[in-house]
Amino acid sequence: MSTRSLFIIWGLLLLSFILMPLFITSNRWIGFLEMTFFVAVMGQSWNILGGYGGQYSFGHALFFGTAAYIQAIMQQKFGWSPWIAMWFAVAGTVLVASFVGYLSFRYGLKGSYFALITLAFAEAFHVLARSLDSITEGGRGIQLLLNQDPDKAISAFQFNFAGPFLSSYGFYYTILIAMVLVFAVTWLVEHSRFGAQLVAVRENEEAAEALGINTFRTKMGAILLSAAITSFAGIYYVQKYLFVEPGIAYGLSKSVEALFAPIIGGLGTVIGPLLGSFFIHGVGEITKDFIGHYVGDRPGVDLILFGVILLLVLAHMPRGLAGLLSDVWKRVAGGRNA
Amino acid sequence: MLSASLISKSFGGLAAVSDASLDVPEGKIVSLVGPNGAGKTTLFALISGFLKPDTGSVTFNNEDITGQRPFMICRQGIVRTFQVVQPFTGLSVRENIAVGSHTRIAKRSEALLKAEEVAALVGMEDLLDRPASDLTIAGRKRLELARALATGPTLMLLDEVMAGLNATEVHEIVDVVLKIRDSGITILLIEHVMQAVMSLSDHTYVLNEGKMIAGGKPKEVMRDPKVVEAYLGHGAAERMAALEKKTNA
């Protein structure tokens, strides 16, 4: 696919997302898109470390939850403006990531060992969040106050100051902008020296080191960038739902969502996490509607289905949906040229 | 240019390399030969930083580089290739070589251009967009060479770049190695293909059971009784000398 047609496709996609709220008024559909973009951001952060760098994390909830808690505590308990608190949330998350990264990469933990250490850290923070009652409110979680006063809405991060349209769609545009920025950063990484060296580390660490790549620093760069991006997802979540508790913040489901999207969508591709996120949320909605219709509302049914899909994708489509699309495109374009 | 003096390395009591020394003068092709298991690849790993020597030192351009990490040694101008080739199989030939050129070039587009240049030098210009996983053994050996060359080295350590190739392919790669030497890059190579060793090297070292047993001009070294015995077994040198006398008589 030529660069020009790629840019056109990306542009059309972006335009349709921007215009979406003008045509779609269904709250359910907008909520669906919001969650899809949110998981795409989480997935892209995982993709930088796992898809490009080959370091499979099983505990991205660690970064998500740390940012969410720092944000919630500073906003609710200290009364700080979200615009100031968020930079502390990013910095705190990056600090945690640098500790985990240093520990793992300094001692050469790879593959399943790296996956396990990230999982272990996420679980450790899960326990901490539950037990440090005086800071985190324990299992009750932190509830942020909804501010009805339009003058104070900015400092509580709500959009009711900005008129009826934005108070409905403010969060939609916030996560859309965040996603566009994150995807742009990923594209830049892919076309930079850092990205090329990161991919080399994924492909063969020993050869990369022989060719002059500081593999430790490259992997550290990837985990710090990945954590910083995940922290924006955590900050967004707290603003949108005004609530955080240990299970949401550090539970397995956020970690799993973060890795599902890029693996199904296409590892090490910019579009992959978005495709994967669309796919899993689409399937999730459909199972809720159809399977739920027959077996009743049984939580976990969609998870079983995800598991099966993941197995099928890993076995038959190692390049994910992005790989499938590019094969189809090649066949169509090839047929046209022939 | 490169000088290793009295370096030793043992693995759990087994001495892989003991008190080995070698010198590589600038602009030359120096070869390192020896029977299987002699410790040649270990010696390469010790020079290029993949292993730390227990004792001894390695100096490069009069600077001590002993025990530095491989990427630092590469940035100073020493690059190694691997006996078992290690291509980045998920990438194209162009991208593979560009990983090497990024060592001295920050900009992506310039690194990719440099990759094309290097590919032409080793005769891979027609394969640039092929995935590395599609290459034949000969292609992979060339890629290994190209990637290393792209890092802009002044000294290359080539570990059996001709092993497993047929006669024509050996001939082609010998030409590439000579071209590299002529461009001003010094070469130290491990090789089993004797025809290549004899025709290429200015100086040959022989390693046996971790010890350097001979060094000199390739033709002289091959006649050294110690070397003959290392390859053919104890007493072989005498038997050969006797045989030679008989045929001459």
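The values are calculated or read from the model by the stated rules, or taken from the named source; none is laboratory data. Keep in mind that this is a model prediction, so the values were computed, not measured. Don't worry about glycine lacking a Cβ; one is built from the backbone with ideal geometry, like all the others, and counts go over all protein chains shown.
Scanning region B:86-101 for residues that are surrounded by fewer than 24 Cβ atoms within 10 Å (Cβ to Cβ) and more than 9 Å from every other protein chain (Cβ to nearest Cβ) yields B:Ser92, B:Arg94. Can you find even one residue in region A:112-122 that is within 16 Å of A:Ala222 (Cβ to Cβ) and over 20 Å from the mean Cα position of the chain (by Cα)? There is no residue in region A:112-122 that is within 16 Å of A:Ala222 (Cβ to Cβ) and over 20 Å from the mean Cα position of the chain (by Cα). The condition of being hydroxyl-bearing (Ser, Thr, Tyr), touching a Phe, Trp or Tyr at 6+ places or on another chain (Cβ under 6 Å) and part of a helix (DSSP H, G or I) holds for only one of A:Ser167, A:Ser112, A:Ser134, that being A:Ser167. Within region B:105-115, the residues that satisfy the criterion of being crowded, with 16+ Cβ neighbours inside 10 Å and either farther than 20 Å from A:Gly51 by Cβ or of a type in the set (Gly, Ala, Ser) (or both) are B:Ile105, B:Ala111, B:Leu112, B:Lys114, B:Ala115. Cβ separations smaller than 8 Å between residues 6+ apart or across chains give the following pairs from region B:54-81 residues that are within 14 Å of chain A (Cβ to nearest Cβ) to residues that are part of a helix (DSSP H, G or I) and among the aromatic types (Phe, Trp, Tyr): B:Arg80/B:Phe44. A search for C-beta distances below 9 Å between a residue of region A:303-329 that is farther than 14 Å from A:Ala261 by Cβ and any residue that is basic (Lys, Arg), counting only pairs 6+ apart in sequence or on different chains, returns A:Ser326/A:Arg319; A:Asp327/A:Arg319.
Annotation note: of A:Phe157, A:Phe165, A:Phe183, A:Phe171, the sole residue that is away from every other protein chain (no Cβ under 14 Å) and more than 25 Å from the chain's Cα centre (by Cα) is A:Phe165.
Taking region A:186-213 as the range and being in a helix (DSSP H, G or I), among the aliphatic types (A, V, I, L, M) and out of contact with any Leu (no Cβ under 8 Å at 6 or more places or on another chain) as the test, the residues that pass are A:Leu188, A:Ala196, A:Leu198, A:Val201, A:Ala207, A:Ala208, A:Ala210. On the stretch given as region B:231-240, residues that are in contact (Cβ under 8 Å) with a residue 12 or more places away in the chain and more than 32 Å from the chain's Cα centre (by Cα) total 0.
May I ask you to verify whether B:Lys9 is more than 16 Å from the chain's Cα centre (by Cα), free of Cβ contacts under 8 Å to residues at least 60 places away in the same chain and part of a loop (DSSP other than H, G, I, E, B)? No. The number of residues in region B:105-123 that are away from every other protein chain (no Cβ under 14 Å) and polar (S, T, N, Q) comes to 0. Under the condition of being more than 7 Å from chain B (Cβ to nearest Cβ) and of a type outside the set (A, V, I, L, M, F, W, C), the residues counted in region A:188-214 number 4. Inside region A:132-191, can you point out the residues that are modelled with pLDDT of 75 or more, small (Gly, Ala, Ser) and surrounded by 13 or more Cβ atoms within 10 Å (Cβ to Cβ)? Within region A:132-191, A:Gly138, A:Gly141, A:Ser167, A:Ser168, A:Gly170, A:Ala178 qualify. Modelled with pLDDT of 90 or more, exposed (fewer than 13 other Cβ atoms within 10 Å of the Cβ), under 30 Å from A:Ala196 (Cβ atoms) and out of contact with any Gly (no Cβ under 7 Å at 6 or more places or on another chain): does that describe B:Asp159? Considered against the rule, which asks whether it is modelled with pLDDT of 90 or more, exposed (fewer than 13 other Cβ atoms within 10 Å of the Cβ), under 30 Å from A:Ala196 (Cβ atoms) and out of contact with any Gly (no Cβ under 7 Å at 6 or more places or on another chain), B:Asp159 comes out as no. Of the residues making up region B:12-38, just one is surrounded by 22 or more Cβ atoms within 10 Å (Cβ to Cβ), over 14 Å from the mean Cα position of the chain (by Cα) and not in a strand (DSSP E or B), namely B:Ala38.
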